[in-house]
Each structure stands twice: as structure tokens, then as C-alpha cells.
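Below: the structure, in C-alpha cells.
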Amino acid sequence: MSLPPFSCRILAAAVALYLIALLCVGAGQVSSKDGAAAPKIPGCSNEFQMVKVENWVDGENGETFSGMTAEFGAMLPSDKDKAVKLPVVLTTPLNSCSSLTSKLSGSIALSVRGECAFTAKAEVAQSGGAAALVLINDKEELNEMACTEKDTSLNVSIPVLIITTSSGDALKKSIMQNKKVELLMYAPKSPVVDYAVAFLWLMSVGTVFVAAVWSHVTGPKKSDEQYNELSPKKFSNDSTKGDATKDDAEEETLDISATGAIIFVISASTFLVLLFFFMSSWFIVILTIFFCIGGMQGMHNIITTLITRRCNKCGQKNVKVPLFGNTSILSLVVLLFCFVVAVAWFMKRKTSYAWFGQDILGICMMINVLQVARLPNIRVATILLCCAFVYDIFWVFLSPLIFKQSVMIAVARGSKDTGESIPMLLRIPRLSDPWGGYNMIGFGDILFPGLLICFIFRYDKENNKGTLKGYFPWLIFGYGLGLFLTYLGLYVMNGHGQPALLYLVPCTLGITVILGLVRRELRDLWNYGTRQPSAADVNPTPEA
């Protein structure tokens, strides 16, 4: 029924899990304030502001564009109502590198980049009576205008900002046509935590919950099993198929060992450093292709499982396919659909709406991975999650001390030149941020705790724990609480990237250990599945 065969599925899922864990990027949100702070220079604010610039040409309101203030000069107001609309005048000379002959009193000076330092242009414009200086960049991006070590006596008290070539050329053209140009400039602040994180929280918790209960909900009904076992016509065949199904289910799973967990995290750190130093657009594209394959496979398995559960006869018609052998027609049709979805997202991955397809593919892949990769007991879970805990904290908080910036956040952002970014993230647009952007959470922040929660769900079912005496409801609550604390930490830390596992591991593994101690079941959880049969089990004493 499955496509590809079980052996291929195990290999593909293992590769997908490996890549995802390696790219366990920082939680919640990526902040622009990471890295070491620059030393303060007198006359420099050491804070760049993103600026919205509204313009009027002969009284007609034009399209609003963006700019960025310099590291020196006055700060612009964050409230639009406090901003002042001022006329714009071209400087003469245009580069603003020498004494100006144009009258700038109470106006915004418009100059071009080049031939002298930014600070020199600002001092010349200020001495000419300008209320602000706007520099036209020589390319379609906003470069940082920083102070230098020579600017120790700098005294610039007017706002200085840079705009892109296209925006500046349009203003310059209107002024040269003797039109009246006016600008209103303000720097709205982004909220530290956007309310759209509530939807990201729901997606993350929902993914873990669905992955945990998936095999139980989609498995064969007990009534169907009993009917097949009691069927007199095909008893031998059905029992053979039942054994085969059980064997296939066991073959589809891959237990993570303690040694494998340690090697796993060490490999993740090595791979993360390689990505940091050698990241390129072609390598990100390769990772994106792997992501598409994993997402396509996960979506295929989910759709075919749901359809065959509702309609048992739908998957009975087979066709012989090269390389795959006999495969159901349903499986082929669903595979084609998933392939079209993955290719469509790959082609449109840089668009503003691509986040939706990325989330769908990512959730499907994570659900599928959590069905294949399993933790056998709490002992392995403790080793894996503690290693991941240290991994997350080091690469978010401590790596800037060595690499001058957070390695994990830098990798999560991807390549600025090509716009390519790592797709192993759940994303949702920032709805209350005037600058847009995305709230993000790494796949690893879902998969690592998800492995533990899936194990706990199986443990509860196999030991008939029920809802009240079970561990699963407590761990779902703990996972949700851990994510909430992540965003609370993001708020308290003023937007600095937070390692979610710092909060998720204590709220999931910690709750498991505490409950196990209270209920006196920790030893069973710790060694679950490893108890060797006793002599009485192997050679039971015959009854008299």
C-alpha cells in the first residue's frame, strides 16, 4: 500500500529526522539584536532605526517607502503623529562633501552616497541649516551607516538616514522638474511578541498531539480485528496477513539508542558550524529539496491512511510500477498530488504566501517522522533531551562569545544575498508588526519533545493508564506551558532569540520524572522495554 516500500520509508524518514535535528534553529522568533554589542562612541546612538518615509509631490500623496537611520545623529519619533512634514531640497554639490550653496534652512537635504564619509556629509548638511539629511544609496538595499574610531568628536544633532536607489531617484527626478516634494519620516517600533504567536503555539502543540495519537486513531478497529480473527473462510490467510502487518509495523519503527542520541547531537553541532561558515544558496536549495521530499512523503502517508480508513476498498486496486512493483492506484494518485504540491511550493517559496505551504509540508513531515523514530524508554529520552538542551543553549546564548554572533540565528536567517532561507521552520506572518516579518519555531523544538510525548502516549496505552492516571495529558500541558514560557522569555529579553528547549525540556522531561517519582513508576519508565525475561518466565513450573 505504501509508496515507497517500507525499507525506503525508514531510510527516508531517518535522513529527514537527521537533517531536521541538525537544523534545530532558535525558537519562537529570530531577533535582529543578536551578537555582541559594538563599543559606544561619543556622538553615536549605536542603534539603527528602520524608517517609514511618506512623500508628497505637489500635494499628491505617493507610495510610502523604507529607509534606515545612521548610527549617529538624532532619533526619529516612533509615533507618526509626532513626525513633521518638511520640504526636500537637493544639495549643491549633490554629494554634500563640501560647503553647500543651496538654501537648506528648515528643509530636508537630499544627497547621494559617495566621495566622502557619511559623518562628513551629515556635518556639512547640518552646518547648512538642514533639518535632516537623506542619502540616496547606490544600490537597492539599505546599508548601515556606522561611526568610525575617528569620529570621537562627532556632533550631529539632525536625523540622518539612507534610502534605496529607486526611491531616491524618484524624489530627485521630481525635484529637478521643479515640483514641490515633501517628506514625513517616522520609525515605528516592532512589538517584541506578536499576537500571531498564538497560532504558532496552536500549530506546534497540535502537531505533537496529532503525532502522538495518530497510530492509535488511524489503526484498525477492534471490531474489525475480531471479525477477521473469527472469519471461518479465510482464517489461515487472515492470520498470516495479521502477522505480516504486525511485522511491517515493527519494521517501520526505528528505536533511538543512548549512543545514537549522543552521536546525533554531536553531529548536529558539527553540521551547524559547517552551515555557518560555508552556507551558500546552492546548499540551501539542496536542503530545501530534501525538505520537499520529506514533506511529500509525510503528506502521502497521511492522506492515504485517512482515505483507506474511511474506505477500505479504495486501496485494493493495484498496478505494476517499475522499481516499486505492485502499488495501489490510490497511492499513485495521492503521490502525484503530493508531488505537485511540493513542486508548486518549491517554485513559489520566496513569495509572501509561501509560509502556508511550508507549514503544511513541515507538519506532515514531522508527524511522519514521529511515527518512525521512537524513544524506547525515559533513559534514552533523558540523554537525548539533555544533550539537545545543552546544544540549544550553547548555540543561541554562548556561540556569540566565540563567533561574534549567534550561529543558530544566523543559520536560521539564511543567505541575505539570495533570499534563500532554511525551510526547517514553522512560520506565520507577524500580524501586528508594521515591518512585517515572521514568527518562527524550529522543527527540533517540536520533534525532540515530541519523541518523549509519543513514547509517553504509547506507555499509557500499553499499561492501560487511562486519562486521569496517565502521563500524556500532563506532558501535553507541559509542552504548551514550555512554549508559553519561551515567548514570555522573548518578551522579558526584549526580543533576543530564545532557545525553546531551555523551557521545553524541564516542562516535559521534568514533569515525567516528577510524576514517575510520585507514582513510584520511574524505574519502570527508565528501563521500559529492556527487562530480560526471568527463569520463571522461560521455564514456568508445571502445575500439580
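Pairs under 9 Å by beta carbon, first residue within 20 Å of Q126 (Cα to Cα) and not assigned by the TED database to the domain that holds A125 in region 156-175, partner surrounded by fewer than 17 Cβ atoms within 10 Å (Cβ to Cβ) and at pLDDT 90 or above, six or more apart or different chains?
Cβ pairs passing all conditions: none.
What number of residues within region 351-370 satisfy the criterion of being touching a Leu at 6+ places or on another chain (Cβ under 8 Å) and over 15 Å from V208 (Cβ atoms)?
Count: 1.
For region 248-264, state whether one or more residues are modelled with pLDDT under 80, within 30 Å of P400 (Cβ to Cβ) and either under 30 Å from the mean Cα position of the chain (by Cα) or open to solvent by 40 Å² or more (accessible area, probe 1.4 Å) (or both).
Scanning region 248-264 turns up at least one residue that is modelled with pLDDT under 80, within 30 Å of P400 (Cβ to Cβ) and either under 30 Å from the mean Cα position of the chain (by Cα) or open to solvent by 40 Å² or more (accessible area, probe 1.4 Å) (or both).
Just to be sure before I move on: is L94 crowded, with 20+ Cβ neighbours inside 10 Å and either in a loop (DSSP other than H, G, I, E, B) or among the basic types (K, R) (or both) in the structure I sent?
no
In region 374-414, what residues are surrounded by fewer than 23 Cβ atoms within 10 Å (Cβ to Cβ), modelled with pLDDT of 85 or more and either assigned to a helix (DSSP H, G or I) or of a type in the set (A, V, I, L, M) (or both)?
If the condition is that a residue be surrounded by fewer than 23 Cβ atoms within 10 Å (Cβ to Cβ), modelled with pLDDT of 85 or more and either assigned to a helix (DSSP H, G or I) or of a type in the set (A, V, I, L, M) (or both), then R379, T382, I383, C386, C387, F389, V390 are the ones that fit.
Cβ-Cβ below 9 Å, separation at least six or inter-chain, first residue in region 252-272 and within 13 Å of T382 (Cα to Cα), second surrounded by 13 or more Cβ atoms within 10 Å (Cβ to Cβ) and of a type in the set (K, R): which pairs?
Cβ pairs passing all conditions: I256/R374; A258/R379.
In region 439-470, which residues are surrounded by fewer than 24 Cβ atoms within 10 Å (Cβ to Cβ) and either in a loop (DSSP other than H, G, I, E, B) or not assigned by the TED database to the domain that holds L426 (or both)?
Matches in region 439-470: N463, N464, K465, G466, T467, L468, K469, G470.
Among the candidates D194, D138, single out the residue that is touching a Lys or Arg at 6+ places or on another chain (Cβ under 6 Å), at pLDDT below 85, open to solvent by 90 Å² or more (accessible area, probe 1.4 Å) and assigned to a loop (DSSP other than H, G, I, E, B).
The conditions single out D138.
The conditions are (1) within 15 Å of V205 (Cβ to Cβ); (2) open to solvent by less than 10 Å² (accessible area, probe 1.4 Å), and F484 fails exactly one of them. Which is it?
The failed condition is (2).
For F48, work out the one condition from (1) over 30 Å from I393 (Cβ atoms); (2) at pLDDT below 85; (3) out of contact with any helix residue (DSSP H, G or I) (no Cβ under 9 Å at 6 or more places or on another chain) it doesn't fulfil.
Among (1) over 30 Å from I393 (Cβ atoms); (2) at pLDDT below 85; (3) out of contact with any helix residue (DSSP H, G or I) (no Cβ under 9 Å at 6 or more places or on another chain), the lone unmet condition for F48 is (1).
Out of V156, V112, V160, report the one residue that is farther than 26 Å from E63 by Cα, among the aliphatic types (A, V, I, L, M), under 44 Å from the mean Cα position of the chain (by Cα) and at pLDDT 80 or above.
From the options V156, V112, V160, the qualifying one is V156.
Just to be sure, is F455 in contact with a Lys or Arg (Cβ under 7 Å, 6 or more places away or on another chain) and not acidic (D, E)?
yes
On the basis of being among the acidic types (D, E) and assigned to a loop (DSSP other than H, G, I, E, B), does E54 make the cut?
The answer is no for E54.
Considering only region 341-351, how many residues are open to solvent by less than 90 Å² (accessible area, probe 1.4 Å) and under 16 Å from the mean Cα position of the chain (by Cα)?
Qualifying residue count, region 341-351: 1.
The values are calculated or read from the model by the stated rules, or taken from the named source; none is laboratory data. This structure is a prediction, so every number in the text was calculated from the model and none was measured. Reconstructed Cβ throughout: ideal geometry from the backbone, glycine too, with neighbour counts over all protein chains shown. Areas reflect the complete protein model, heavy atoms only, side chains present, ligands, DNA and RNA absent. Shrake-Rupley method; radii C 1.70, N 1.55, O 1.52, S 1.80 Å.
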